[in-house]
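Read-outs: derived from the displayed coordinates by stated rules, not from any lab. Note that this is a predicted model, so its numbers are computed, not measured. Because the Cβ atoms are built from the backbone with ideal geometry, glycine has one as well, and the counts that use them run over all protein chains shown.
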Amino acid sequence: MYIHLTGYPFKSMTRFFSGHRHTFVSTGLLCLFVCTLLQGNSAQSSEGQSTNGAQTQTSPATTAPSQAKTPAPAAGPAGGAPVSSTDYKVGPSDVLSIRVWGEPEFSGPVAVHQDGKFTLPLVGDLQAGGKTPIEIQDIIAAALKKMVVKPLVTVTVQDVGSKKYYLVGQVAHAGEYPLVVPTTILEAIDKSGGLSDFANTKKIYILRGNKRIPFNYKDVHKGKNMDQNILLEPGDHVYVP
């Protein structure tokens, strides 16, 4: 079915649109171009945000390993000094760590008595005073042969209580120190953190029993009279006035 529209207004509108046809076409093309350009920029912006987001999310995973903490080293016997299993002579008040493989009833820490002996469960008293940890291993293994087939024994010094020296007076950290390895007077003072500002460096002395041994820190520190820098013995008291 066809509808014919006549009349002046309709003809005027027809002439209007016919005259401006090229203008409308140009305007339409321009609008289409602008819309296409805006859509392209929007897509690039979205991709950039996505890429930046991905980088932000992955960056922690990249830096995470650098934040890992290194385990601290295990501490040794009292004072941090190592005890030689072949050279150190066990004495009273030392604490031994005994391990018998597959035999927990014979394993654990034991204290050395004042008579130099220690008590092993189900065995009795065994000699440790004056012996090295290696020698004590053999003593324990021989005592266990009646109860354990081919006993595997390990003995270490858990705590040094028999060999100590003492620092008293004007030092950074006064107190008792384990004498695990050969230690001179100068080394002992350095281990304590050094002398205080008010220390009399020329009047230091070592009390060994009833004997008083002078020590001039200033001279020894300069390399003079080095014969004063003697090795400490168990029970020595170093006084720093």
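With all pairs of separate Cα atoms included, the range 78-159 yields a Kirkwood hydrodynamic radius of 12.6 Å. Projecting the Cα atoms of GLY193, THR183, VAL220 onto the charge dipole of the range 164-240, computed from C-beta unit charges around the Cα centre, puts VAL220 farthest toward the positive end. For LYS224, the aspartates and glutamates whose Cα falls under 20 Å of its own Cα, not counting residues fewer than eight places away in the same chain, are GLU187, ASP190.
By how many nm would the segment from LYS203 to VAL181 grow when fully extended, if each residue of separation counts as 0.36 nm and the alpha-carbon distance is taken off?
Working: separation 22, 0.36 × 22 = 7.92 nm, distance 2.60 nm.
Fully extending the segment from LYS203 to VAL181 adds 5.3 nm.
DSSP beta bridges fully contained in the range 164-240 are about 80 percent antiparallel. Close amide-amide hydrogen proximity is noted between ASP236 and TYR166, each under 5 Å apart and 5 or more residues distant or on a separate chain (H modeled in the peptide plane; Pro and chain starts excluded). Bridgeable lysines around LYS89 (alpha carbons under 24 Å apart, same-chain partners fewer than 8 residues away excluded): LYS117, LYS131, LYS163, LYS164, LYS191. In straight-distance terms, cross-link reach from LYS211 covers every one of the aspartates and glutamates whose alpha-carbon lies under 14 Å from its own, apart from those fewer than eight places away in the same chain; here that gives GLU233, ASP236. Extending 7 Å from the Cα toward the beta-carbon at both LYS117 and GLU105 defines two label points whose distance is 2.2 nm.
So what does the Cα-only Debye profile of the range 164-240 read at q = 0.18, 0.22, 0.24 Å⁻¹, as log10 I(q)/I(0), no solvent term? Debye curve over Cα of the range 164-240, log10 I(q)/I(0) at q = 0.18, 0.22, 0.24 Å⁻¹: -0.64, -0.98, -1.19. Available extension along the chain between ILE230 and GLN127 is 33.9 nm, counting 0.36 nm per residue and deducting the alpha carbon span.
Toward the positive end of the charge dipole of the range 78-159, with +1 on the Cβ of Lys and Arg and -1 on the Cβ of Asp and Glu, the farthest Cα among VAL149, SER107, GLN137 is that of VAL149.
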